[in-house]
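The values are calculated or read from the model by the stated rules, or taken from the named source; none is laboratory data. Owing to the predicted nature of the structure, the values given are computational and were not obtained by experimental measurement. Here the Cβ positions follow ideal geometry from the backbone for every residue, glycine too, while neighbour counts run over all protein chains shown.
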Amino acid sequence: MDLGLSNKRVVISGATRGIGRAIAETFLDEGATVAFCARKGDEVAEAEAALKKRGVAHGAVCDVRNGDSYRDWLATAVEKLGGADIFIPNVSAGGGMGSEENWRNSFEIDMLGAVRGAEAMAPHLEKTNGAIVFISTTAATETFVGPQAYNAVKAAINNYAKNLATQLGPKGVRVNCVSPGPVYFEGGSWAMIEQRMKPFFDTTMAQIPMGRMPAPADVARAVAFLSSPAAAIITGVNLVVDGGMLKRVDY
């Protein structure tokens with residue numbers, strides 16, 4: 001199937017590694033052009049050089065917690081791409097039990113990063129019948145590990161996305177979520193958990209009927225589909241990519 005992503009202009013926050021990097025690679029392989037940001041200059045430079053071997057990619061250093069800087073980057077990204085068709089707010093503070101600082105970081109990076117980005121990008125996407133895909137998590141829909149900020153804030157993003165889909169639908173903009181389960185890649189958190197917390201890793205693996213954790217590319221393909229004209233009538237959904245780990249039944 002041709003997803004119809006050739007020449008689409010994609011803006012991604014957080015794309016130097018893991019899921020975000022795989023999303024950028026997938027879009028470039030489909031013929032899209034990409035603008036992305038991350039906090040660390042050396043990682044942005046490495047990713048940009050590698051991604052440019054696949055197509056047109058513009059990297060920039062930006063801390064999403066700084067609202068003004070973030071909005072400036074989004075405006076610059078749209079200018080460099082000559083418009084925007086797809087927005088993927090991927091950057092995250094990550095998980096972890098602990099202090100109030102965890103909650104503050106998750107709210108400022110995950111939640112406000114999603115809201116500020118959507119508000120800034122919506123006028124551009126309305127011009128192109130564009131799409132927004134938020135990166136959520138299965139931990140937002142079932143209990144997992146414990147009462148941590150990551151789970152709760154991602155659940156709030158799911159709610160926000162559904163309401164935003166209703167608001168932007170009449171303007172031609174589709175809004176969806178992709179919720180990965182635990183994602184495994186070298187250097188990622190689950191690779192670290194496998195090394196340092198093997199019993200917990202094994203218990204989690206035992207809950208996945210398909211016998212493996214998703215790779216970043218598995219998530220990226222789901223994002224590409226939901227962003228594409230092939231999903232032109234799909235909005236307001238939360239697509240789970242977890243190898244069957246969730247046990248809920250959706251009616």
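Restricting attention to region 185-212 and to residues that are of a type in the set (S, T, Y) and within 23 Å of the chain's Cα centre (by Cα), the residue that is modelled with the lowest pLDDT turns out to be S189. Take the conditions modelled with pLDDT of 95 or more and of a type outside the set (S, T, Y) and apply them to A149. Does it pass? No: the conditions fail for A149. Looking only at region 218-230, which residues are of a type outside the set (D, E), assigned to a helix (DSSP H, G or I) and under 18 Å from I12 (Cβ atoms)? Hits for region 218-230 are V219, A220, R221, A222, V223, A224, F225, L226, S227.
Screening G94 against (1) surrounded by fewer than 17 Cβ atoms within 10 Å (Cβ to Cβ); (2) over 13 Å from the mean Cα position of the chain (by Cα) leaves a single unmet condition, (2).
Every residue, every condition in (1) charged (D, E, K, R); (2) over 25 Å from I193 (Cα atoms), yes or no:
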{"position": "R54", "(1), (2)": "yes, yes"}
{"position": "A57", "(1), (2)": "no, yes"}
{"position": "A60", "(1), (2)": "no, yes"}
{"position": "N66", "(1), (2)": "no, yes"}
{"position": "Y70", "(1), (2)": "no, yes"}
{"position": "E79", "(1), (2)": "yes, yes"}
{"position": "G94", "(1), (2)": "no, no"}
{"position": "E101", "(1), (2)": "yes, no"}
{"position": "M111", "(1), (2)": "no, yes"}
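Yes or no: A75 among the small types (G, A, S), in contact (Cβ under 8 Å) with a residue 12 or more places away in the chain and buried (at least 22 other Cβ atoms within 10 Å of the Cβ)? No: the conditions fail for A75. Listed by position, the helices (runs of 4 or more DSSP H) inside region 98-207 whose residues that are in contact with a Leu (Cβ under 9 Å, 6 or more places away or on another chain) and under 14 Å from I88 (Cα atoms) number at least 3 are 112-126.
The numbered conditions (1) of a type in the set (A, V, I, L, M); (2) loosely packed, with under 13 Cβ neighbours inside 10 Å; (3) touching a Pro at 6+ places or on another chain (Cβ under 9 Å) are all true for I208 except (2).
Please work out which residue is farthest from A84 (Cα to Cα), limiting yourself to region 126-153 and to residues that are crowded, with 21+ Cβ neighbours inside 10 Å and touching a Cys at 6+ places or on another chain (Cβ under 9 Å). Among those residues, the one meeting the criterion is S136. Residues considered: D242, D250, D202. Of these, the only one that is within 26 Å of G146 (Cα to Cα) and in contact with a helix residue (DSSP H, G or I) (Cβ under 6 Å, 6 or more places away or on another chain) is D242. Taken together, the residues in region 97-114 that are within 13 Å of the chain's Cα centre (by Cα) and more than 11 Å from K154 (Cβ to Cβ) amount to 2.
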